[in-house]
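Participant: Before I ask anything, let me first share the structure, which is written out below as C-alpha cells.
What follows draws every value from the coordinates through simple rules; no lab data is involved. None of these values were measured; they are calculated from a predicted model. Neighbour counts run over all protein chains shown; Cβ positions are idealised from the backbone, glycine included.
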C-alpha cells in the first residue's frame, strides 16, 4: 500500500531537488530517531517524482544492502 500525501509541507524542503513545490510527497524515516523505547521516529518529506527523476544519482552498497544517494540539501 502506497502511503503518500497530495501536498508538500510549506515549511520543509525536499532534500533531493531543494524545493518545496506543492506536489505529491511521502515521508522517509530518519536514521537514529526510532529508538526502542516505543516512540514514533522522525521522518522527512520527499517528492514522489524526485525518486524517479533523480534515479541515476542512487548508489547501492552490496555488503550493507543499502540504497542511498547524496542530496542537495542538508535537513534538520
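Participant: What distance in nm lies between label points placed 7 Å from Cα along the C-beta direction at residue 63 and residue 42?
Facilitator: Distance between the two pseudo-spin positions: 2.9 nm.
Participant: So how far apart, in nm, are the two label points at residue 55 and residue 27 if each is 7 Å from Cα heading toward Cβ?
Facilitator: Placing both labels 7 Å beyond Cα along the Cβ direction yields 2.7 nm.
Participant: Shifting gears a bit: Rounded, prolate or oblate: which fits the chain, taking a ≥ b ≥ c as square roots of the Cα gyration tensor eigenvalues, rounded meaning a/c under 1.5, else prolate when a/b beats b/c? Provide the component values of the computation, followed by the final result.
Facilitator: Details: a/c = 1.66, a/b = 1.08, b/c = 1.53.
Oblate.
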